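Here it is, the structure, as structure tokens.
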Number of protein chains: 2
Amino acid sequence: MTGHGMTGALMAIDVPAALAEHAATVEQAIDTLLPLPDGHERRLVKAMRYATLGGGKRLRGFLVMEVSALFSVARASAARVAASVEMMHAYSLAHDDLPSMDDDDLRRGQPSTHRRFDEATAILAGDALQARAFELLADVNTHSDPLARCELVAALGLASGSRGMAGGQMIDMATEGQALTHDEVTRLQALKTGRLIQYSAEAGAILGRAAGPLRAHIAAYGRDLGAAFQIADDVLDAVGTTEGIGKTAGKDKAAGKATVVALLGVERARAQAVMLASQAARHLTAFDGRADRLRALADYVVSRGH
Amino acid sequence: MTGHGMTGALMAIDVPAALAEHAATVEQAIDTLLPLPDGHERRLVKAMRYATLGGGKRLRGFLVMEVSALFSVARASAARVAASVEMMHAYSLAHDDLPSMDDDDLRRGQPSTHRRFDEATAILAGDALQARAFELLADVNTHSDPLARCELVAALGLASGSRGMAGGQMIDMATEGQALTHDEVTRLQALKTGRLIQYSAEAGAILGRAAGPLRAHIAAYGRDLGAAFQIADDVLDAVGTTEGIGKTAGKDKAAGKATVVALLGVERARAQAVMLASQAARHLTAFDGRADRLRALADYVVSRGH
């Protein structure tokens, strides 16, 4: 599917290499921003680092870095925000994997945080990662304008709380085994994963003090990209192997999870992901060739694993 | 013990009434700031409200309100910050009570959040309360100056993360059953409960854009008050009844928890709390009679239950 409707310039972009490049920057930032202390709290920070530094594509960090570049934001600022978003994402994974939640022993091919440490430590590590993310965003080193910092904090709070990520996870758990409509599944996923992906793109526009209409385009891109990504992820869960995707495959179906794949089947779900990815890219028409990596990413997220 | 060394003006202050007055304001603010949504995430917000609106002295909210009044901060601003701090405190209690942590079925005489709902919901409610607290602090309605809002966010992140509340809880769990020195116990408690109490006082000074030295006095007051409060709380745990304190009594000793009471015995621990409370009050000499309720509070926290 890769390349459908893509220009030569886009096809020439090596998205995995671009992801890897930013991932290295973001890993480095996280490493610096989570120094190991002495004392008995060292175990906590070890768990925070384990949960956050375990690799991964760093899709969210990539979005912060690329959108920031579009608005000529200093790389160091963007990297701090990218690190903060990845800390939030990591905290949510550490908590979602807990026995009382999704009860998953594997994450990125490694023992999940509560398996490597213990439940209490995994809960506390998630809690402390969240606190650290907000602390970093509000710090003067993140942006010289305190209003930009406040916007970063307020928008992250909204994207990750009851009206965002945590709300989505609650819906997911509360409706397990129930038949949801297509609209309900779409809303569940928009909250659970969409809002934080959208935030990641918007954060670059906030850092760049982008004008309202440009910020709205970026937000719409992030929203549709997030939706496309989630459906593609559910397709991978349905057709992939545990080894290939680094986490337990086939879990959604086994758990009776409401996904677009469960509702529409693999082929129609895949087609919808492709449609959403094209729609995401179309929100970028106001931007020049500097947005090509974001355009190529939209294609990439729906063609992984094929 | 009440009244030792206190002037007539201080003795005339009815601290429980003052606490109740601010508690009503803070409860009202929390109620407004956590509206119940429709949809399946309603359960999450119900749990957030259950964890936060269950009563309690609202010591942290009181500190925000009283220190804010000292610096002529608008009551509505102070109430928002007080609500945010109480949300953070409530999230920490909901998580601390979990089976994998302190495994406590009772909180303020009621089933703890995971007993009233379930573990997953209690974890998510805590997560979402934390996100909401930071979101509120960064919001323009909290303070007109974005720099003040950033300071509130950054200081709360520091007070509640690995170098504060979460770090303290980690130390507490990691050292259970171990013999700690007096210095180690003091540091554990400074992180676990002291930092957030100190923050509560400081937040009022941040809201009031207090000059550096005045803010430092308030911070020192909060630090010593927090230390006094924690020791007094441990004394209550050792000598109180489950009915009287609204949570399971005698748990510290049963769990082999390191407390000042365990190290020094009840009487010497109580004497140390009194000493710290006097020290807290002495940090307020730069302030006039408007700080009398804060002075009276210092006496009150070490004379509860006698």
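Bear in mind that the values in this text are calculations on the coordinates, not laboratory data. Because the structure is predicted, anything quoted here is derived from the model rather than measured. Here Cβ is always computed from backbone atoms with ideal geometry, including for glycine, and neighbour counts include all displayed protein chains.
Given labels modelled 7 Å from the Cα in the Cβ direction, how far is it in nm from residue A:24 to residue A:239?
So the two model labels end up 3.2 nm from each other.
If each of residue B:271 and residue A:105 carries a label point 7 Å out from its Cα toward its Cβ, how far apart are those two points in nm?
5.6
Just checking the output field for A:116-123: average partner chain Cβ neighbours within 10 Å of each residue's Cβ?
Mean shielding by partner chains, rounded to a whole number: 5.
Now for a separate question. What are the ³J(HN,Hα) couplings of the range A:186-192, residue after residue, when phi is run through the Karplus curve with 6.51, -1.76, 1.60 and θ = phi - 60°? Round to Hz, x for glycine and proline.
Listing the rounded values in order: 4, 5, 3, 6, 4, 6, 5 Hz.
So for chain A, averaging the separation of alpha carbon pairs under 8 Å that are six or more residues apart and normalising by length, what relative contact order in percent results?
20
With labels modelled as points extended 7 Å from the Cα through the Cβ direction, what inter-label distance (nm, one decimal) is found for residue B:11 paired with residue B:42?
Output for this residue pair reads 5.5 nm.
Convert each backbone phi in the range A:27-38 into a coupling constant with the Karplus relation 6.51 cos²θ - 1.76 cosθ + 1.60 (shift: θ = phi - 60°), then list the ³J(HN,Hα) values in order as whole Hz, x for Gly and Pro.
4, 4, 5, 4, 4, 5, 8, 10, x, 6, x, 7
Next up: When the Karplus curve 6.51 cos²θ - 1.76 cosθ + 1.60 is applied with θ = phi - 60°, which whole-Hz ³J(HN,Hα) does each residue of the range B:65-82 get, with x for Gly and Pro?
5, 5, 5, 4, 4, 4, 9, 6, 6, 4, 4, 5, 5, 4, 5, 5, 5, 4
Using a Cα distance threshold of under 17 Å, what count of lysine pairs results for the protein assembly as shown when pairs must be 8 or more residues apart or interchain?
Count of close lysine pairs: 8.
Using helices alone, I'd like the mean residue ellipticity at 222 nm for the protein assembly as shown: each DSSP H run of four-plus residues gives -39500 (n - 2.57), total over residue count, nearest 500.
Mean residue ellipticity, 222 nm, calculated: -21000 deg cm²/dmol.
Would you please give the residues with an amide H less than 5 Å from that of residue A:54, counting only those at least 5 places away or on a separate chain, with H modeled from the backbone geometry?
none
For peptide A:169-180, what's the mean number of Cβ atoms from other chains within 10 Å of each residue's Cβ?
Average per residue, whole number: 4.
Run through all the Cα pairs of the range A:1-103 and give the fraction in each 10 Å bin from 0, expressed as whole percent.
14, 37, 29, 15, 4, 1
Can you put A:135, B:119 in order, fewest other beta carbons within 10 Å first?
B:119, A:135
Need one value for B:142-149: mean number of C-beta atoms belonging to other chains within 10 Å of its residues' C-beta atoms.
For this peptide, the per-residue mean of nearby foreign Cβ atoms is 4.
Expressed as a whole percent, how much of the Cα-Cα distance distribution for the range B:8-301 exceeds 29 Å?
That fraction is 31 percent.
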